[in-house]
1. All but one of (1) loosely packed, with under 14 Cβ neighbours inside 10 Å; (2) of a type outside the set (K, R); (3) closer than 22 Å to N39 by Cα hold for A78; state the number of the condition that does not hold.
2. Criterion first (exposed (fewer than 10 other Cβ atoms within 10 Å of the Cβ) and without any contact (Cβ under 8 Å) to a residue 40 or more places away in the chain) does V30 satisfy it?
3. Would you please name the residue that is least open to solvent (accessible area, probe 1.4 Å), looking only at residues in the stretch 83-103 that are touching a residue at least 24 places away in the same chain (Cβ under 8 Å) and part of a loop (DSSP other than H, G, I, E, B)?
4. When you check A23 against the structure, is it surrounded by 10 or more Cβ atoms within 10 Å (Cβ to Cβ), within 17 Å of the chain's Cα centre (by Cα) and not in a loop (DSSP other than H, G, I, E, B), yes or no?
5. Working only within the stretch 90-117, note down all residues that are at pLDDT below 85 and among the small types (G, A, S).
6. Exactly one of (1) modelled with pLDDT under 80; (2) open to solvent by less than 100 Å² (accessible area, probe 1.4 Å); (3) among the polar types (S, T, N, Q) is unmet by N38. Its number?
Amino acid sequence: MSEKEARFTVRSLIATAIGTAIATVVVLEVSGRIDHSNNKDNVPVGEFQAIHVTPGDDFRMSPKSSELHAVCEQGYLAIAADVDPDFRGIVVDYKNRGVRCHRASTQEPSEDTAGDE
């Protein structure tokens, strides 16, 4: 057999592979084998990062605002979507500890601020 008598071209093999992948996903979806969970209790709302801002230093930030807002939920910072404020998630650090939205005063009042008796 000579090279000119190749049965399949590279394009046809690539198209067949892509078509097979798409057909597989469609068949699994139609047959109900792909599970789409409606339970949003443990689903991450988004990923966030903190930007350290020091006085006098400029930082770059997008001029567009996100579609999220922050609220204080039982003493912890929560992020909620603007379109569905009931869908909110508590902000946690890398060790899954909640980020407080206010700090309780743990210091004793100083003598200067204590009332004179």
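The values are calculated or read from the model by the stated rules, or taken from the named source; none is laboratory data. Worth saying up front: this structure is predicted, and the values here are computed from it rather than measured. Here the Cβ is made from the backbone with ideal geometry for all residues, glycine too, and neighbour counts use every protein chain on show. Quick note on the areas: whole protein, heavy atoms, side chains included, nothing else; ligands and nucleic acids left out. Shrake-Rupley method; radii C 1.70, N 1.55, O 1.52, S 1.80 Å.
1. A78 satisfies all of (1) loosely packed, with under 14 Cβ neighbours inside 10 Å; (2) of a type outside the set (K, R); (3) closer than 22 Å to N39 by Cα except (1).
2. Values: exposed (fewer than 10 other Cβ atoms within 10 Å of the Cβ): yes; without any contact (Cβ under 8 Å) to a residue 40 or more places away in the chain: yes.
Here the answer is yes, as V30 does meet what is asked.
3. We begin by selecting, within the stretch 83-103, every residue touching a residue at least 24 places away in the same chain (Cβ under 8 Å); these are 87-89, 91, 100-102.
Filter once more, so that each one left must be part of a loop (DSSP other than H, G, I, E, B): 87, 91, 101-102.
Numbers: F87: 61, V91: 32, C101: 48, H102: 109 Å².
Only one residue fits best here, namely V91.
4. Values: surrounded by 10 or more Cβ atoms within 10 Å (Cβ to Cβ): yes; within 17 Å of the chain's Cα centre (by Cα): no; not in a loop (DSSP other than H, G, I, E, B): yes.
In short, no.
5. Listed by number, the residues that qualify are A104, S105, S110, A114, G115.
6. Failed condition: (2).
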